[in-house]
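The values are calculated or read from the model by the stated rules, or taken from the named source; none is laboratory data. Please read all numbers here as calculations on a predicted model, not as lab measurements. Positions of Cβ are backbone-derived with ideal geometry, glycine not excepted, and every protein chain shown enters the neighbour counts. Note: areas computed on protein heavy atoms with side chains; ligands, DNA, RNA excluded. Shrake-Rupley method; radii C 1.70, N 1.55, O 1.52, S 1.80 Å.
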Amino acid sequence: MHPTVTEQLDGLRRILAEAVAPEVTAPYPAEILGSVIGALNALQANLHAVPAFLRWDIETTAGVLDAARPRLSLELIAKIDAAKGAGHDPADLAALEARQMRLRGLLVEAMPAILAERGAAYGKMIALFRERTERFPFSMAARPPAKKV
Amino acid sequence: MAETIEHDLTAWLADALGDPGVRIDRLRRTSVGYSRENWVFDAVWQADGVAHAQAFIARRDPAGSVLETDRRLEFAILSALSDTNVPVPRVRWLDADGARLGRPAIVMDLADGICDYMALNGDRPLDRRLAIAHRLYDRLADIHQLDWRTLGLDKVLDDPGNRAAPAALDYWEAELRRVQLEPEPELELVIAWLRERAPENAAVTLVHGDFKPGNVLMQGDEVTLVLDWETAHLGDPLEDIGWVTNPLRAGEHRIPGAWEPSDLIERWSARTGLAADPAAVRWWNVLANFKQAMTVLTGKHAFADGRFDRILHEPVAIYRLLFNLIEA
């Protein structure tokens, strides 16, 4: 399937960098174009890691919620079970994104109980949060401009 | 867009300066600034038969931003500070509702100088960088010593009393609810930590809100203007101390081994006569990073709405620092 998604992203980046950027001289458009090219680079480099990250995030978040189960309301447990039990295609990226968002929302709902106990679920949650910062496929580097007038 | 801005600015200045023949030259949007559009230009006009020329900067609200603030407050604060010992840009005109430029804007005199984010860690010898640090953070102390009631700022800004910390947390939590695109359990954990430990403030002062080397204008080694007052408010001066001692921005605010947070706080306390309780400073360090994360989330929200031109991702590096600060 050529051009592959990776090849298309690389081609778009090259076109912008080689055909468009040399003609863009105004400061603001030039800076934005540079950030677009950088974003395409990041997307090309990290796109393949996204499904695996989402699957890991879903499974680990579900593990935290399982550990918190004894402290949760029946209503919340039912919502967690429904979210975990919903069938899904592991290759369907949109479905993975929706499932991840659902479970992270349930983690927010469970958090008061987790914080009140400060037990095993709390330890698992902190471990999830910390490992998640290492595994997250994209970086948000706050990089201020060097100088301005 | 530049053509429309030039037309609208010319009409605005013609009215403001009383010269229908006013001319605008060299209008350009500067590339820096994530929160406001900055348009710089030269204006030439006649008044009482005398020709005048002045460089100006128009700061207009963008369609989308990492920060949503009020130009009216910025204009009022800059006007109030114009005759104090805190040097600020001279503000000229306010377009509070966007009637002139389509979105709210202020016009200020453009001053000579540079903003150098890395002034404390650039090429200068250590003794000069240390002297700059003293001048820079003395300006912060001067801000905290302003008599804001005499300046009339109590008429435009809310006084939080001794509840500056919970008031700030309420504000930023409301901002999170407004802009979040998805659940943010990491920030919920931080909110819970902050809620349990919010300190009472001993003083209420004007707080700059984003004080840093990149937000002052310098000529040589001198600090000539304090800029970017869009997040200024009344609150706990330790909010600014927590901001400038934030480990995330250490590269901008510290000179390793020569200008550490303890040096900054000691000098600030000596100049202001105010104490800096370490637990309160840590609380404001945590809130500083919560605010940093919020700028990213605000930018993500604006990007998703098609109002912001940069792609931002989950601020995981800030989360990591937050977990360390709250010892989670």
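Could you compute how fast the range B:75-127 diffuses translationally, taking Rh as the Kirkwood radius over C-alpha pairs and applying Stokes-Einstein at 20 °C with viscosity 1.002 mPa s? Give it in µm² per second. Provide the component values of the computation, followed by the final result.
On the way: Rh = 13.8 Å.
So the translational diffusion coefficient is about 155 µm²/s.
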- Query: Among the residues of the range A:26-47, which ones have their accessible area go down by 20 Å² or more when all the protein chains sit together, as opposed to their chain alone (1.4 Å probe)?
  - Reply: A:Pro27, A:Tyr28, A:Glu31, A:Ile32, A:Ser35, A:Ala39
- For the range B:178-224, what does the equivalent ellipsoid look like in terms of its semi-axes, each the square root of 5 times an eigenvalue of the Cα gyration tensor, given largest first in whole Å? 34, 19, 9
- Message: Could you tell me the calculated FRET efficiency between B:Ala275 and B:Asn85, based on Cβ-Cβ distance and R0 = 25 angstrom, to the nearest 0.05?
- Response: 0.65
- Residues of the protein assembly as shown: accessible area per residue with a 1.4 Å probe, Å²: 45 Å²
- With springs only between Cα atoms under 10 Å apart, run a GNM on chain A and tell me which of A:Leu12, A:Leu54, A:Leu72 wobbles the most. A:Leu12
- Task: Can you grab the distance from the C-alpha centre of the range B:238-255 to the C-alpha centre of the range B:1-62, Å, no decimals?
- Result: 35 Å
- Task: Tell me which residues come under 5 Å, amide H to amide H, from B:Leu227 once H is placed; ignore anything under 5 positions away on its chain.
- Result: B:Val216, B:Leu217
- Item | Two-site label geometry, A:Ile32 and B:Ile255: point separation in nm, points 7 Å out along Cα→Cβ | 4.0 nm
- What is the pair-distance distribution P(r) of the protein assembly as shown, computed from all Cα-Cα distances in 20 Å bins starting at 0, with each bin given as a whole percent? 20, 51, 26, 2, 0
- Go from 0 up to the bin containing the longest alpha carbon distance in the range A:19-149, width 5 Å each, and give me the % of pairs per bin. 2, 9, 16, 15, 14, 11, 9, 8, 7, 5, 3, 2, 0
- Message: What number do you get for the range B:1-135 when its Cα radius of gyration is normalised by 2.2 N^0.38 Å, N = residues?
- Response: 1.20
- Note on the structure: Non-local residues with an amide H under 5 Å from the amide H of B:Arg28, with H modelled 1.01 Å from N and Pro and chain starts lacking one, are B:Val40
- Note: A vs B interface, total accessible area buried (1.4 Å probe; ligands, DNA, RNA excluded), nearest 100 Å², is 3500 Å²
- Stokes-Einstein D (µm²/s) once Rh is taken as the Kirkwood radius of the range B:1-61 over alpha-carbon pairs, at 25 °C in 0.890 mPa s: 203 µm²/s
- Query: For the residue pair A:Glu117 and B:Arg23, what label-to-label distance in nm results when each label sits 7 Å from Cα along the Cα-to-beta-carbon direction?
  - Reply: 7.6 nm
- Item | Stretchable slack from B:Glu3 to B:Arg128, in nm (0.36 nm times residue separation minus alpha-carbon distance) | 40.6 nm
- Message: For B:Leu110, what residues show an amide H to amide H distance below 5 Å, using hydrogens built from the backbone and excluding near sequence neighbours?
- Response: B:Ala55, B:Phe56, B:Ile57
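Once R0 is set to 30 Å, what does the formula 1/(1 + (r/R0)^6) return for the Cβ-Cβ distance between A:Ala21 and B:Asp42, expressed as a FRET efficiency to the nearest 0.05?
Values: r = 28 Å, r/R0 = 0.95.
Efficiency at R0 = 30 Å is approximately 0.60.
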- What is the diffusion coefficient of the range B:280-327 in µm²/s, taking the Kirkwood radius over Cα pairs and the Stokes-Einstein relation at 37 °C with a viscosity of 0.692 mPa s? 287 µm²/s
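Could you order B:Thr295, A:Thr61 by accessible surface area, starting with the largest, using a probe radius of 1.4 Å?
The most accessible residue leads, giving B:Thr295, A:Thr61.
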- Message: What are the ³J(HN,Hα) couplings of the range B:212-219, residue after residue, when phi is run through the Karplus curve with 6.51, -1.76, 1.60 and θ = phi - 60°? Round to Hz, x for glycine and proline.
- Response: 6, x, x, 10, 10, 9, 10, 10
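Report the equivalent ellipsoid semi-axes for the range B:112-163 in whole Å, largest first, defined as the square roots of five times the eigenvalues of the gyration tensor built from alpha carbon atoms.
Semi-axes, largest first: 33, 12, 10 Å.
What percent do you get for the relative contact order of chain A when only Cα pairs under 8 Å and 6+ apart count? Let's see the in-between values first.
Working: 88 pairs, mean separation 40.7, N = 149.
Value for chain A: 27 percent.
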- Item | Per-residue ³J(HN,Hα) for the range A:35-48, Karplus 6.51 cos²θ - 1.76 cosθ + 1.60, θ = phi - 60°, Hz, x for Gly and Pro | 6, 5, 4, x, 5, 5, 4, 5, 5, 4, 6, 10, 4, 5
- Would you calculate the separation in nanometres between label points at B:Asp221 and A:Leu47, each defined as 7 Å from the Cα along the Cα-to-beta-carbon direction? 5.3 nm
- Message: Could you work out what % of the accessible surface of the protein assembly as shown is carbon and sulfur, using a 1.4 angstrom probe and leaving DNA, RNA and ligands out of the count?
- Response: 53 percent
- Fluctuation leader among B:Gly98, B:Gly209, B:Gly18 - chain B, Gaussian network, Cα springs under 10 angstrom: B:Gly18
